[in-house]
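Asks: Supplied in structure tokens, the structure appears directly below.
The values are calculated or read from the model by the stated rules, or taken from the named source; none is laboratory data. These figures come from a predicted structure and were not determined experimentally. Glycine also receives a Cβ, built like all others from the backbone with ideal geometry; neighbour counts cover every protein chain displayed.
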């Protein structure tokens, strides 16, 4: 056993040799002075550029998100409400349905009357057909 | 933080810059070596990682009165940046393999024994993230278990467990290196 160091795991001699070997083989080449200068220059160039961008970026992102939320909120306020597709009850569109059709179709449901004379509300040509086929 | 740096008086700003110069000079080599080992031996990636970490350190400089606490914080950033780099590299490699049917190789500088270096890099890549970080920090970079625990944000017991498993796995993977204790390191 090698002398244990406080705060480091205890390794036996073979393990320690192995670890030293890995550390020695798996290391980058030291920086050359020229490379070190180039790295420092690149770092300072980035530091000079960076502050303005980073100061503006969160503010711009916040404004963009706020605008998006405002647009979505306002557009939803002025849109007609969506039909509830899950209820299973279809509502006729009044604009495309004649009043007499609507009354014929839905008045029974609403009033609950089983028998009713539709003659009063049907147009004349429908009445002619009804007389022939329904023997009215 | 940044605002504070910009709005400081010129004397204070100069002092901060001098502090930062000293900080870079004293941690550049170790940070680069740590990043290099964590990203799998890629020079360019290691330099990118430490630049990002130094930029963050520069912004936080005013917050840390003691150099030791800044250094701990800085190395924590290096470890995290290296992990982020590896994660994105995995995504890029997967994407590249899917679309081009090839794997891009890191532009590592070949010196010493490149074959052995690649074997070690590959063996380290096969470890879990925690095992790799613990092994590199403690056994290769010489951080204590407590320091590594602070850098990794994990309990000391977990770090010790990672170290034990990492050593077992590496000794098994690099058995020839483990047996040969001649110590002919470069």
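Asks: All but one of (1) outside any helix (DSSP H, G or I); (2) touching a helix residue (DSSP H, G or I) at 6+ places or on another chain (Cβ under 7 Å) hold for residue B:56, so report the exception by its number.
Replies: Just one mismatch for residue B:56, condition (1).
So that you can scan it fast, the table gives a plain yes or no per residue for (1) in contact with a helix residue (DSSP H, G or I) (Cβ under 6 Å, 6 or more places away or on another chain); (2) buried (at least 19 other Cβ atoms within 10 Å of the Cβ):
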site: B:43; (1), (2): no, yes
site: B:46; (1), (2): yes, yes
site: B:60; (1), (2): no, no
site: B:77; (1), (2): yes, yes
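Asks: What is the number of the single condition among (1) more than 9 Å from chain B (Cβ to nearest Cβ); (2) at pLDDT 85 or above that residue A:46 does not meet?
Replies: The single condition residue A:46 does not satisfy is (1).
Asks: I've got another one for you. Given the criteria touching a helix residue (DSSP H, G or I) at 6+ places or on another chain (Cβ under 7 Å), within 7 Å of another protein chain (Cβ to nearest Cβ), modelled with pLDDT of 90 or more and closer than 20 Å to residue B:133 by Cβ, does residue A:28 qualify?
Replies: Details: touching a helix residue (DSSP H, G or I) at 6+ places or on another chain (Cβ under 7 Å): yes; within 7 Å of another protein chain (Cβ to nearest Cβ): yes; modelled with pLDDT of 90 or more: yes; closer than 20 Å to residue B:133 by Cβ: yes.
Considered against the rule, which asks whether it is touching a helix residue (DSSP H, G or I) at 6+ places or on another chain (Cβ under 7 Å), within 7 Å of another protein chain (Cβ to nearest Cβ), modelled with pLDDT of 90 or more and closer than 20 Å to residue B:133 by Cβ, residue A:28 comes out as yes.
Asks: Shifting gears a bit: Among the residues of the range B:36-53, which ones are under 15 Å from residue B:142 (Cα atoms) and either in a loop (DSSP other than H, G, I, E, B) or more than 9 Å from chain A (Cβ to nearest Cβ) (or both)?
Replies: B:38
Asks: So, one more: Quick check, is residue B:68 surrounded by fewer than 22 Cβ atoms within 10 Å (Cβ to Cβ), modelled with pLDDT under 90 and farther than 19 Å from residue B:133 by Cα?
Replies: Values: surrounded by fewer than 22 Cβ atoms within 10 Å (Cβ to Cβ): yes; modelled with pLDDT under 90: yes; farther than 19 Å from residue B:133 by Cα: yes.
For residue B:68, the condition - surrounded by fewer than 22 Cβ atoms within 10 Å (Cβ to Cβ), modelled with pLDDT under 90 and farther than 19 Å from residue B:133 by Cα - is met.
Asks: Return yes or no: is residue A:55 within 14 Å of chain B (Cβ to nearest Cβ), modelled with pLDDT under 75 and in a helix (DSSP H, G or I)? Walk me through it before giving the result.
Replies: Values: within 14 Å of chain B (Cβ to nearest Cβ): yes; modelled with pLDDT under 75: yes; in a helix (DSSP H, G or I): yes.
For residue A:55, the condition - within 14 Å of chain B (Cβ to nearest Cβ), modelled with pLDDT under 75 and in a helix (DSSP H, G or I) - is met.
Asks: Next question, about the same structure. Scan the helices (runs of 4 or more DSSP H) fully inside the range B:114-186 and keep the ones with 1 or more residues being within 9 Å of chain A (Cβ to nearest Cβ) and surrounded by 13 or more Cβ atoms within 10 Å (Cβ to Cβ). Give the derivation first.
Replies: On the way: elements: B:114-125, B:129-134, B:145-152, B:156-173, B:175-179.
Where helices (runs of 4 or more DSSP H) fall fully within the range B:114-186 and carry at least 1 residues being within 9 Å of chain A (Cβ to nearest Cβ) and surrounded by 13 or more Cβ atoms within 10 Å (Cβ to Cβ), they are B:114-125, B:145-152, B:156-173, B:175-179.
Asks: Residues being free of Cβ contacts under 8 Å to residues at least 24 places away in the same chain and within 22 Å of residue B:143 (Cα to Cα): count how many of those fall in the range B:54-64. Break it down stepwise before answering.
Replies: Restricting attention to the range B:54-64, the residues satisfying the condition of being free of Cβ contacts under 8 Å to residues at least 24 places away in the same chain are B:55-56, B:64.
Filter once more, keeping what is within 22 Å of residue B:143 (Cα to Cα): B:56, B:64.
Within the range B:54-64, residues that are free of Cβ contacts under 8 Å to residues at least 24 places away in the same chain and within 22 Å of residue B:143 (Cα to Cα) number 2.
Asks: Given the structure, is residue B:82 within 14 Å of another protein chain (Cβ to nearest Cβ), over 20 Å from residue B:16 (Cβ atoms), modelled with pLDDT of 80 or more and buried (at least 17 other Cβ atoms within 10 Å of the Cβ)?
Replies: Working: within 14 Å of another protein chain (Cβ to nearest Cβ): yes; over 20 Å from residue B:16 (Cβ atoms): yes; modelled with pLDDT of 80 or more: yes; buried (at least 17 other Cβ atoms within 10 Å of the Cβ): yes.
Judged against the criteria, residue B:82 is a match.
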